[in-house]
Amino acid sequence: MSTRSRISARISAISESATLAVDAKAKAMKAAGRPVIGFGAGEPDFPTPGYIVEAAIEAARDPRNHKYTPAGGLPELKQAIAAKTRRDSGYAAEASQVLVTNGGKQAVYEAFATLLDPGDEVLVVAPYWTTYPEAIKLAGGVQVDVVTDESTGYLASVDQLEAARTDRTKALLFVSPSNPTGAVHTREQTEAIGRWAAEHDLWVVTDEIYEHLVYGGTEFTSIATAVPELGDRVVILNGVAKTYAMTGWRVGWLIGPSDVVKAATNLQSHATSNVSNISQMAALAAVSGDLSAVAEMRTAFDRRRQTMVRMLNEIPGVFCPEPMGAFYAYPSVKELIGKEVRGRRPQSSSELAELILEEAEVAVVPGEAFGTPGYFRLSYALGDDDLVEGVSRLGKLLSDAR
Ligand SMILES: Cc1ncc(COP(=O)(O)O)c(C=O)c1O
């Protein structure tokens, strides 16, 4: 019998996506007839706007879209993404600097695969989105966590970043608005971090997928635009998923210097080739159109955000700073760990989340998934009534904690 392991060490090391796992468990319980309310999903609860769907239907009828197209994306979509980026964040990129990917996730994966050699360190602010560590690890990179907490609204300072920098640091991952915390850096903070990165010749990989989801007068600042000193050491990640309620269409992109884009395109040409032409034509309609659909979603999310944060902060032992972007709240539940709830004493946020799912039929994602145990992530991208019912159930259960 062979002594070789069946699965390679590199792939065995990848963890299951905790957010998708919670979502799957909640959906399975729902399918079994239990009235589960899920705060796990990271996607808008709105359908894709009609004009985008129509563009896809038309594209499906056009035989040109039935064939392979350039691996890096349809030229007209790359052009439109460059124009949209100039419009929305003021960053001037040529179409040749755009690579169209299978969702923002592929852009994350390809950015790190293209930039990192084994042992290169990447500074990642924790709490972080679950996909980043796996993408960095697969590229042979070493993630260095810069841990933040609720006391600073989950924002990292230049001093914290500098303390984590070594001579092996190659890149900083900058995510504002953040998944999972909803934290948004001010322009001044963004400039200070960008200048510090430029001063130390670091690359900045910036994930701008939540650029249009900011609330309460908060403004999104693109680090790429705000800090021209970064020059050609910046890679922007983005996509249509969150802005146009298009998570299932799988279109994202990466914008970077032409050598990076060329190399990443080579990688994609062997891995997946072009993104579905139908989805690319839908994305073309999305990014060429106006921003009225996201403005409507933003109004709904803002209302739900305020309700959720107020209700969470009314639960004893729960503390939730106000998230200013994306569609997540990230409360601390540290005070509840080890307390007795319905005859059990959960020893971690993960155990507490399991108990909540079983006892209150409410799904939340534990902070373990984002590198910071002691917290929950709750998405507020769900209907107002479900949101109120779900947080009420949570409050009722947790107020029994002794
Ligand atoms: C911060 C962040 N970046 C990128 C993505 C990727 O989105 P998609 O692959 O659906 O385009 C997500 C999705 O949850 C996200 O939260």
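The values are calculated or read from the model by the stated rules, or taken from the named source; none is laboratory data. Predicted, not measured: the structure shown is a model, and the values here were computed from it. Glycine gets a Cβ as well: all are built from the backbone with ideal geometry, and neighbour counts include every protein chain shown. The accessibility values were calculated without ligands, DNA or RNA, using every heavy atom of the protein model including side chains. Shrake-Rupley method; radii C 1.70, N 1.55, O 1.52, S 1.80 Å.
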(request) Among the numbered conditions (1) open to solvent by less than 20 Å² (accessible area, probe 1.4 Å); (2) more than 22 Å from the chain's Cα centre (by Cα); (3) under 19 Å from Glu389 (Cα atoms), tell me where Phe327 comes up short. (result) (2)
(message) Criterion first (open to solvent by 30 Å² or more (accessible area, probe 1.4 Å) and not aromatic (Phe, Trp, Tyr)) does Gly248 satisfy it?
(response) yes
(message) Of everything in the stretch 199-242, what is within 19 Å of Glu162 (Cβ to Cβ), of a type outside the set (Val, Ile, Thr) and in contact with a strand residue (DSSP E or B) (Cβ under 8 Å, 6 or more places away or on another chain)? Give them in sequence order.
(response) His200, Leu202, Trp203, Leu230, Arg233
(message) Suppose we keep only residues that are more than 9 Å from the ligand (Cβ to nearest atom) and among the small types (Gly, Ala, Ser) within the stretch 204-245. Which one would you say is surrounded by the fewest Cβ atoms within 10 Å (Cβ to Cβ)?
(response) Gly217
(request) Take the stretch 167-213 and flag every residue that is within 22 Å of Glu134 (Cβ to Cβ), part of a loop (DSSP other than H, G, I, E, B) and more than 19 Å from the chain's Cα centre (by Cα). (result) Arg168, Leu202
(request) Among the residues of the stretch 92-109, write down those that are under 19 Å from Ser276 (Cβ atoms), more than 15 Å from the chain's Cα centre (by Cα) and either within 14 Å of the ligand (Cβ to nearest atom) or part of a loop (DSSP other than H, G, I, E, B) (or both). (result) Leu99, Val100, Thr101
(request) Could you check, for the stretch 126-141, whether at least one of its residues is in contact (Cβ under 8 Å) with a residue 24 or more places away in the chain, under 15 Å from the mean Cα position of the chain (by Cα) and assigned to a strand (DSSP E or B)? (result) yes
(message) Need the failing condition index for Phe301 against (1) at positive phi; (2) part of a helix (DSSP H, G or I), just the number.
(response) (1)
(message) Residues to consider are Val275, Val261; find the one that is buried (at least 19 other Cβ atoms within 10 Å of the Cβ), under 21 Å from the mean Cα position of the chain (by Cα) and modelled with pLDDT of 95 or more.
(response) Val275
